[in-house]
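A.B. asks: Handing you a structure now.
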Amino acid sequence: MKREIFVGSVGIGGNYPVSIQSMTAVPTRDVTATLNQVEALKNEECDIVRVSVPDRESLPAFAKILTKSPLPVVADIHFDAYLALRAIEAGARGIRINPGNIGSKKKLKEILNLANQANIPIRIGVNSGSIEKKYRREKGSKAEIMVKSVMDNVRFFEDNDFFNIKISLKSSNVRETVTAYRLIDKACDYPLHLGITEAGTFFSGTVKSAVGLGSLLLDGIGNTIRVSLTEEPAAEVRVAREILKATGHRVRGIEIISCPTCARTTIDLISIVKEVEKKLSGVKTDKRIVIAIMGCEVNGPGEAGEADIGIAFSKSSGFIFKKGERVEKIAPRDAVPRLIESIKDLL
Ligand code: SF4
């Protein structure tokens, strides 16, 4: 089991559930736009938000964001130790640095001391594209070199009495990322932040993230995740949630299963599923509710036998079923409103 750390009130590691993170994607200097994105992330059930502090001019805005954010904020810092120190003083609930690009060891020590005083964690984030020069001639795979680089940093942190650590090892190559996380998982007991960096557009990035993060999560590796997409941040959280649901890490919420359609399908199932998904998109529940939407009554109820509630169609009718048992026959045009009504009864 991994050690426990806290980003604000969110526990990471130990027995805490795998949390979801995302990052704002508007200039930090624009406080209103940043807070609007944070609010949207919160509405999607994001747990932690990361905000870049790219320059000194962003510091006053960052401090304002901290006072108003409904989610714990982690400061993302590169190149300038001064920014890390001021972000900690402003009240950041965690910081993310790449120790290789933050300046001298002396400066790094100052950050560790201040973070220790503030009792906030630091994520050591090493990306395959930004491994320190001194490791570039090392023998071994990229994944092994990334792990070596992180472990050297971990030892430096520990030698300076800093143990409030979280680790990420990201690459845009899925296999490399998975290999690196498997190695680091064995090498230390600090909680792991999973991500596939620069994963790409919504479609390809979702597939890469699902394969990479999904493989690790199914192995029980990973304590907090961030899906990186070239998309608005709220979309990242929706994808992260689905990955957690699919890997059994998040059991609450609504899950829609639907058939791929085939020659037996007599209705426009694709539109029906999209309509139901849209109507339920803002619905929150602490229960796990599985909804099945199936194209025919030959295989539908059976294939979706585990669903709490479902609907299957014949040429002329819709059939509502619960746990595989047919409970009602209705006209296809009434199917969606009836299904939504029945789902709301289950909440
Ligand atoms: S549930 Fe029916 S319509 Fe859907 S794929 Fe299976 S057989 Fe085809």
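The values are calculated or read from the model by the stated rules, or taken from the named source; none is laboratory data. The structure presented is a predicted model; accordingly, all values stated were derived computationally and were not measured. Here the Cβ is made from the backbone with ideal geometry for all residues, glycine too, and neighbour counts use every protein chain on show. What goes into the accessible areas is simple: the full protein's heavy atoms, side chains included, and nothing from ligands, DNA or RNA. Shrake-Rupley method; radii C 1.70, N 1.55, O 1.52, S 1.80 Å.
Here's the yes/no breakdown for (1) of a type in the set (Asp, Glu); (2) touching a Lys or Arg at 6+ places or on another chain (Cβ under 6 Å); (3) modelled with pLDDT of 90 or more:
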position: Gly305; (1), (2), (3): no, no, no
position: Ile309; (1), (2), (3): no, yes, yes
position: Glu325; (1), (2), (3): yes, no, no
position: Lys329; (1), (2), (3): no, no, yes
position: Arg333; (1), (2), (3): no, no, no
position: Arg338; (1), (2), (3): no, no, yes
position: Ser342; (1), (2), (3): no, no, no
position: Leu347; (1), (2), (3): no, no, no
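A.B. asks: Same structure, new question: Can you pull out the helices (runs of 4 or more DSSP H) entirely within segment 27-116 that have at least 2 residues that are without any contact (Cβ under 8 Å) to a residue 12 or more places away in the chain?
C.D. replies: The qualifying helices (runs of 4 or more DSSP H) are 31-43.
A.B. asks: With respect to Leu192, is the statement that it is among the aliphatic types (A, V, I, L, M), closer than 24 Å to Ile5 by Cβ, surrounded by 19 or more Cβ atoms within 10 Å (Cβ to Cβ) and touching a His at 6+ places or on another chain (Cβ under 8 Å) true?
C.D. replies: No, not satisfied.
A.B. asks: Can you name the number of the only condition in (1) more than 23 Å from Glu242 (Cα to Cα); (2) modelled with pLDDT of 95 or more; (3) not small (Gly, Ala, Ser) that His193 fails?
C.D. replies: Tallying (1) more than 23 Å from Glu242 (Cα to Cα); (2) modelled with pLDDT of 95 or more; (3) not small (Gly, Ala, Ser), His193 fails exactly one: (1).
A.B. asks: Also, I was wondering about something else. Has segment 178-185 got at least one residue that is at pLDDT below 95 and either more than 18 Å from Lys105 (Cα to Cα) or acidic (Asp, Glu) (or both)?
C.D. replies: Checked segment 178-185: no residue is at pLDDT below 95 and either more than 18 Å from Lys105 (Cα to Cα) or acidic (Asp, Glu) (or both).
A.B. asks: Continuing with the same structure: Applying the selection to segment 253-282, what residues are away from the ligand (no atom under 16 Å from the Cβ) and β-branched (Val, Ile, Thr)?
C.D. replies: Scanning segment 253-282 gives a single hit, Ile254.
A.B. asks: A further question on this structure: Find all pairs meeting these conditions: Cβ atoms under 6 angstrom apart; at least six residues apart or on different chains; first residue within segment 278-293 and within 19 Å of Ser258 (Cα to Cα); second residue part of a helix (DSSP H, G or I).
C.D. replies: Cβ pairs passing all conditions: Lys279/Ile340; Ile289/Leu346; Ile293/Val273.
A.B. asks: Any idea which of (1) surrounded by 16 or more Cβ atoms within 10 Å (Cβ to Cβ); (2) within 16 Å of the ligand (Cβ to nearest atom); (3) not aliphatic (A, V, I, L, M) is the one Ser228 doesn't satisfy?
C.D. replies: Only one criterion in (1) surrounded by 16 or more Cβ atoms within 10 Å (Cβ to Cβ); (2) within 16 Å of the ligand (Cβ to nearest atom); (3) not aliphatic (A, V, I, L, M) is unmet by Ser228, namely (2).
A.B. asks: Residues in segment 302-310: is at least one in a helix (DSSP H, G or I) and either of a type in the set (Phe, Trp, Tyr) or within 16 Å of the ligand (Cβ to nearest atom) (or both)?
C.D. replies: Checked against the condition, which is being in a helix (DSSP H, G or I) and either of a type in the set (Phe, Trp, Tyr) or within 16 Å of the ligand (Cβ to nearest atom) (or both), segment 302-310 yields at least one hit.
A.B. asks: Select from segment 62-83 the residues that are more than 24 Å from the chain's Cα centre (by Cα) and either open to solvent by 10 Å² or more (accessible area, probe 1.4 Å) or within 25 Å of Glu39 (Cα to Cα) (or both) and list them in ascending order.
C.D. replies: Across segment 62-83, the qualifying residues are Ala63, Lys64, Phe79, Asp80, Tyr82, Leu83.
A.B. asks: Of the residues Arg288, Arg338, Arg333, Arg250, which is away from the ligand (no atom under 16 Å from the Cβ), among the basic types (Lys, Arg) and open to solvent by less than 30 Å² (accessible area, probe 1.4 Å)?
C.D. replies: The match here is Arg250.
A.B. asks: Name the residue that is surrounded by the most Cβ atoms within 10 Å (Cβ to Cβ), counting only residues in segment 311-330 that are within 16 Å of the ligand (Cβ to nearest atom) and either at positive phi or of a type in the set (A, V, I, L, M) (or both).
C.D. replies: Step by step, filter segment 311-330, then rank; the result is Ile311.
A.B. asks: Can you work out which of the residues in segment 7-27 that are among the hydrophobic types (A, V, I, L, M, F, W, C) and touching a Lys or Arg at 6+ places or on another chain (Cβ under 8 Å) is surrounded by the fewest Cβ atoms within 10 Å (Cβ to Cβ)?
C.D. replies: Met23
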